[in-house]
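Have a look at the structure below before the remarks.
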Amino acid sequence: MTGAVVIGRRQVKVTEEQARITGRQADIMDHQVEVERAKLRADLYDRRLAVFKACQAYVRETTSVPFDFEASFETAQEISDRLEEAEFLFAGDVRNEIREVSKRADAIVKERIILLQLASSEAKRLMPSSKYYQQKEKIANLANALRDELPGLSQIMGEEMRLYIPRGNSRGDSTPS
């Protein structure tokens with residue numbers, strides 16, 4: 001019977017060692033997953049940053065005073081290209097916010113075209129009409145509202161742009177695993 005107890009204790013020690021090794025292997029696998037996720041985020045970072053910068057430039061260009069149609073057209077081309085990339089680079093909320101910001105900037109450009117048309121139709125008048133001033137005010141309000149939301153875009157995109165993944169959290173979110 002003493003031999004059976006010795007063998008049983010050895011088996012328990014072997015089982016405990018196997019469990020420790022298995023736990024260590026799981027830790028190593030978790031770390032490898034974290035490294036791969038960080039590598040993927042780093043690989044996507046430059047492409048995502050280009051989308052963000054194009055969106056930011058378009059907002060700044062369309063809300064600037066004085067407005068430059070040619071520069072706005074160039075940034076509109078850039079954001080159009082980047083919006084296509086955003087479809088594949090970002091999750092739904094970020095993608096939707098980028099689209100929304102771009103649409104709002106497009107709307108400001110359209111309102112500026114209306115203002116330009118008003119200005120050209122009233123060029124012979126000594127004083128612009130109240131409609132002209134109302135249009136200018138409408139553009140200013142739209143531009144201010146969009147400019148105010150630009151920091152919100154960086155906050156929304158921030159999570160997607162973050163390269164750091166907290167240790168012990170292989171999912172990349174901020175909730176404990």
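In table form, for the structure just shown:
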| item | result |
| --- | --- |
| Apportionment of accessible area to carbon and sulfur, the chain, percent (1.4 Å) | 56 |
| Residue 15 - accessible surface, heavy atoms, 1.4 Å probe, Å² rounded to 10 | 80 |
| Crossing angle, helix 69-89 versus the chain [Cα axis fit, 0-90 degrees, rounded to tens] | 20 |
| Dipole magnitude of the chain about its Cα centre (Cβ charges: Lys, Arg +1; Asp, Glu -1), debye to nearest 20 | 420 |
| Approximate spin-label separation residue 147-residue 85, in nm, with each point projected 7 Å along Cα-to-Cβ | 2.7 |
| Using alpha-carbon coordinates, inclination of helix 130-161 to the longest axis of the chain, degrees | 10 |
| Full-extension gain in nm, residue 121 to residue 154, via 0.36 nm per residue minus C-alpha separation | 7.9 nm |
| Spatial separation of Cα centroids for segment 16-42 and segment 49-89, in angstrom | 41 |
| Neighbour count of at most 15 Cβ within 10 Å plus DSSP loop: longest trypsin sites (Lys or Arg not before Pro)-free window in the chain | 1-123 |
| In the chain, lysine pairs with alpha-carbon atoms under 21 angstrom apart (chain gap of 8 or more, or interchain) | 7 |
| Probe 1.4 Å, protein heavy atoms only - accessible area per residue of the chain in square angstrom | 68 |
| Nitroxide proxy distance, nm - points 7 Å out along Cα→Cβ at residue 140 and residue 13 | 8.5 |
| Helix-only mean residue ellipticity at 222 nm for the chain, each DSSP H run of n ≥ 4 adding -39500 (n - 2.57), per residue, nearest 500 | -30000 deg cm²/dmol |
| Cα long-axis angle, helix 2-63 against the chain (0 to 90 degrees, to the nearest 10) | 10 |
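The values are calculated or read from the model by the stated rules, or taken from the named source; none is laboratory data. On a predicted model such as this, the values are computed, not experimentally measured, just so you know. With ideal geometry, Cβ positions are generated from the backbone for all residues, glycine too; neighbour counts draw on all protein chains shown. For accessibility, only protein heavy atoms count, side chains too; no ligands or nucleic acids. Shrake-Rupley method; radii C 1.70, N 1.55, O 1.52, S 1.80 Å.
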